[in-house]
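> Shown below is the structure under consideration.
The values are calculated or read from the model by the stated rules, or taken from the named source; none is laboratory data. Quick caveat: nothing in here was measured; it's all calculated off a predicted structure. Don't worry about glycine lacking a Cβ; one is built from the backbone with ideal geometry, like all the others, and counts go over all protein chains shown. Accessible surface areas use protein heavy atoms only, side chains included; no ligands, DNA or RNA. Shrake-Rupley method; radii C 1.70, N 1.55, O 1.52, S 1.80 Å.
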Amino acid sequence: MSRLQQTDGLTEEQTELLSLVRQFVDEQILPVATELEHRDEYPQAIVEQMKQMGIFGLMIPQEYGGLGESLLTYALTVEEIARGWMSVSGIINTHFIVAYLLLQHGTEEQKRRYLPRMATGEIRGAFSMSEPALGSDVAAIRTKAVRDEDEWVITGQKMWLTNGGTANLVAVLVRTDLGESDSPYKNLTTFLVEKEPGFGETAQGVTVPGKIEKMGYKGVDTTELVLDGHRSSDAQLLGGVPGKGFYQMMDGVEVGRVNVAARACGVSRRAFELGVSYAQQRETFGRKIVEHQAILFRLADMATKVEAAHQMMVKAARVKDAGQRNDLEAGMAKYLAAEYCADVVEQAFRIHGGYGYSKEYEIERLYREAPMLLIGEGTAEIQKMIIGRRVLEDYRIKG
């Protein structure tokens, strides 16, 4: 086994699970990933197998029908799946963020209503913060929920929902201006919106227009969500209380950033595998290109970045599992892993030379997928702001 991306201190159960997932990736995902990606086809057969394996319930506690595993186990599983095809790992990412939000912030009634069916994959989750005119400024959300006697009426347009079409439960962050605070962050609320899978009008006042065409990250559906007078109730407020949505979502995003870091680790590992394999097959000037010092140096740089990103991702997951605030570690892991992934993929692409530009070679797909990781769950600039502010808390000069 490769010395890269080894994780110390795993239990026998974790090791066995990851071995099973790795075998699943090698046998069921890698052989079909590029073909499905080129057709932008949803991997339904793969999803059904993940349901049977219990992956949709990986972090959901056993009392709600899940496996009750840690964030670390989940992140390492995502790393393996992303090595096979990043889009498949995206299918479970938003699902787990919603499950995590319910576990940490939901009422007991909400947990018992949704989590057992989320564990089996019967209910699939998506979450929504972004809007067409909204980048990283979450406080500028315009989608609004207005009180109408015993109900809420939600109107607005959301953007960039992963699993927007296939999900049937969406955690949506909206504005509820109740006049209780001057802070825009305390006037945001998370609603649990139920809908039918598919496109068009999927529930009363809920429309999913269709898939957004993307450069990469194909197969998984990315959509808009239009809310036009959608009626909801207090029972669908996450936690049952308005005004806590921003803090709930940020908690979930920390989990999401560990996930994106794990995906970047998986993609970069696959790019390294492809690069080192091709370098040992391709000949130039009478010898294998791996024998040229320039290529050997490139492989050394790639391997070092693959390993460094993995270890930082593992640390971020373990800090969260310990019940500690991990925005610093998650921000560092997401930033470093995504940047390193883009670099490792490009270096593997360069090793392939002209063949890397051909759709017949897997590295072409990875080259289009890696940029999404630079943006997902916050850009590099956002991560740097988080990291800088948190570091300053520890190193601020006193007096």
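> What are the pairs, 6+ residues apart or on separate chains, where a residue within segment 41-55 that is more than 16 Å from G68 (Cα to Cα) has its Cβ under 6 Å from a residue that is open to solvent by 10 Å² or more (accessible area, probe 1.4 Å)?
Qualifying pairs under 6 Å: P43/L36.
> Among the residues of segment 304-320, is there at least one that is open to solvent by 30 Å² or more (accessible area, probe 1.4 Å) and free of Cβ contacts under 8 Å to residues at least 12 places away in the same chain?
Yes, segment 304-320 contains a residue that is open to solvent by 30 Å² or more (accessible area, probe 1.4 Å) and free of Cβ contacts under 8 Å to residues at least 12 places away in the same chain.
> Look through segment 181-199, keep the residues that are more than 25 Å from the chain's Cα centre (by Cα) and open to solvent by 20 Å² or more (accessible area, probe 1.4 Å), and return whichever of them is nearest to T143 (Cα to Cα).
Result: P184.
> When residues of segment 97-123 are filtered for being assigned to a loop (DSSP other than H, G, I, E, B) and crowded, with 22+ Cβ neighbours inside 10 Å, how many remain? Working first, answer last.
Just the residues of segment 97-123 that are assigned to a loop (DSSP other than H, G, I, E, B), to begin with: 106-107, 121-123.
Going one step further and asking which of them are crowded, with 22+ Cβ neighbours inside 10 Å, we end up with 106.
Residues that pass the stated criteria total 1.
> Counting only residues that are in a helix (DSSP H, G or I) and of a type in the set (D, E), which one in segment 64-96 is nearest to Q248 (Cα to Cα)?
Step by step, filter segment 64-96, then rank; the result is E79.
> I'd like to check something: does segment 142-151 contain any residue that is within 23 Å of I212 (Cα to Cα) and open to solvent by less than 70 Å² (accessible area, probe 1.4 Å)?
yes
> Quick one: is F246 surrounded by 17 or more Cβ atoms within 10 Å (Cβ to Cβ) and under 30 Å from F349 (Cα atoms)?
no
> How many residues are closer than 25 Å to N93 by Cβ, more than 25 Å from the chain's Cα centre (by Cα) and small (G, A, S) when one looks only at segment 203-231?
Of the residues in that region, 1 qualify.
> Moving to a separate point now. Here is a check on your reading of the model: is E48 over 24 Å from W160 (Cβ atoms), assigned to a helix (DSSP H, G or I) and either more than 21 Å from the chain's Cα centre (by Cα) or at pLDDT below 95 (or both)?
Considered against the rule, which asks whether it is over 24 Å from W160 (Cβ atoms), assigned to a helix (DSSP H, G or I) and either more than 21 Å from the chain's Cα centre (by Cα) or at pLDDT below 95 (or both), E48 comes out as no.
> Look through segment 200-243, keep the residues that are of a type in the set (D, E, K, R) and in a strand (DSSP E or B), and return whichever of them is most open to solvent (accessible area, probe 1.4 Å).
Within segment 200-243, the match that is most open to solvent (accessible area, probe 1.4 Å) is E201.
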